[in-house]
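Novice: Can you keep this structure in mind? I'll have questions shortly.
We did not get these values from a lab; they are worked out from the coordinates using the rules stated. It should be emphasised that the depicted structure is a prediction, and the values quoted were computed from it without experimental measurement.
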Ligand code: 13P
């Protein structure tokens, strides 16, 4: 399959992306919250339980993995990438090496990982990966994000995307404007506009084929400490407006991060966006916490109760699958969860 077809397949037909690419440090935080020790076998058990769920076939087009996970063999027989392929989804891999302090702007970060990337990409392709992820992070405050942060992160994202396409894989371009802070929805709209513009400017300079990319943005949403609440309708309207104005129409798919929204909020907001989507973008989810929080809780209660863990995951995957078509409803959520 060529990269343009892969990009569409990742986001089409009521499917989205499962972001299971938590680094060892991030999964440690998640496991701590459920009192599970951060051992390789526990990471493998949780992830293979999700990837073996029945909802994978219907609602998951791609799975983003971490370096350790793509190299693991399941206790069920196949390797992790083989299990994902068997379920009809495409294996992907996070290739950035995380955020590091940005010299010259002490409170901000730049994402690193370009050194040796060409060689690592070859290895991941051989292991079965057909798409990749790189996440840039922007913090909102009175002073930030600075243009230094916006420019340096966009430059790195574009160099990453060009290398990934050279290796015949689809780059997920993830510029995440964080929800942290007390800023209002308007501020999020403005910052996201600047960030997206600079990203597409750099992607253009680096001759990236946008038809073979997927954008993974934040929704346009008030900061988590903002006093003014916003309805889902307003979030959807502002988000779609921002995407229409700042994302080139060649981009086939837009898969949102959940970014700290609750599972229900993430489903509800995605649903509202799709209800009013009058663009050609395939708009779906690429959720980490938004897909896994309930399943993780069940895993914390009893790691051996595969049925309950999968039930929780199947439900969230189905709800988000419905949201990607604008067919989710609160009633459906209550009925099926009961
Ligand atoms: P969340 O959906 O939990 O924000 O994670 C998505 C992701 O991949 C962040 O890089």
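Novice: Which of these, 81, 222, 248, has the largest mean-square fluctuation under a Gaussian network model of the chain (Cα springs below 10 Å)?
Specialist: Taking springs between Cα atoms under 10 Å, the residue moving most is 248.
Novice: Could you identify which residue out of 279, 193, 49 has the top mean-square fluctuation in a GNM of the chain using Cα springs shorter than 10 Å?
Specialist: Maximum fluctuation in the GNM of the chain, among the listed residues, is at 279.
Novice: Roughly how many Å is it from the Cα centre of region 182-226 to that of region 254-286, as a whole number?
Specialist: That distance is 15 Å.
Novice: Suppose we look only past 15 Å in the calculated P(r) of region 60-124. What percent of the Cα-Cα pairs does that tail hold? Working shown, then result.
Specialist: Numbers: 1283 of 2080 pairs.
That tail contains 62 percent of the Cα-Cα pairs.
Novice: Treating region 126-231 as a set of equal point scatterers at the Cα positions, no solvent, please give the Debye-formula log₁₀ I(q)/I(0) at q = 0.10 Å⁻¹.
Specialist: At q = 0.10 Å⁻¹ the computed log10 ratios are -0.31.
Novice: Within the P(r) computed for the chain, what percentage of the Cα pairs occupies the region above 40 Å?
Specialist: Numbers: 3105 of 56953 pairs.
Within the chain, distances greater than 40 Å cover 5 percent of Cα pairs.
Novice: Would you calculate the volume per residue, in Å³, of the smallest convex hull containing every Cα atom of region 89-140?
Specialist: Working: hull volume 3.7 nm³, N = 52.
Residue-normalised Cα hull volume stands at 71 Å³.
Novice: Please find, in a Gaussian network model of the chain (springs between Cα atoms separated by less than 10 Å), the residue of 142, 184, 241 whose mean-square fluctuation is greatest.
Specialist: So, out of 142, 184, 241, the one fluctuating most is 142.
Novice: What shape does region 1-140 have by the C-alpha gyration tensor, where a ≥ b ≥ c are the square roots of the eigenvalues, rounded means a/c under 1.5, and otherwise prolate means a/b greater than b/c and oblate the rest?
Specialist: oblate
Novice: Moving to a separate point now. Dividing the Cα convex hull volume of region 232-290 by residue count, how many Å³ per residue is that?
Specialist: Working: hull volume 4.2 nm³, N = 59.
Dividing the Cα hull volume of region 232-290 by its residues yields 71 Å³.
Novice: Find the all-direction average of the projected area of the Cα convex hull for region 176-318, expressing the result in square nanometres with one decimal place. List each step's numbers first, then the result.
Specialist: Values: hull surface 38.3 nm².
For region 176-318, averaging the hull's shadow over all directions gives 9.6 nm².
Novice: Can you show me the helix-derived [θ] at 222 nm for the chain, built from DSSP H runs with n ≥ 4 at -39,500 (n - 2.57) apiece and divided by the number of residues, rounded to the nearest 500.
Specialist: About -15000 deg cm²/dmol.
Novice: Let me ask something additional. Over region 244-338, how many percent of alpha carbon pairs lie in each 5 Å bin up to the one with the longest distance?
Specialist: For region 244-338, the pair-distance distribution reads 3, 14, 22, 21, 17, 11, 6, 4, 2, 0.
Novice: Which value, in Å³ per residue, describes the convex hull spanned by the Cα atoms of region 20-63? Write out the running numbers ahead of the final one.
Specialist: Details: hull volume 3.3 nm³, N = 44.
Cα-based convex hull of region 20-63, divided per residue, equals 75 Å³.
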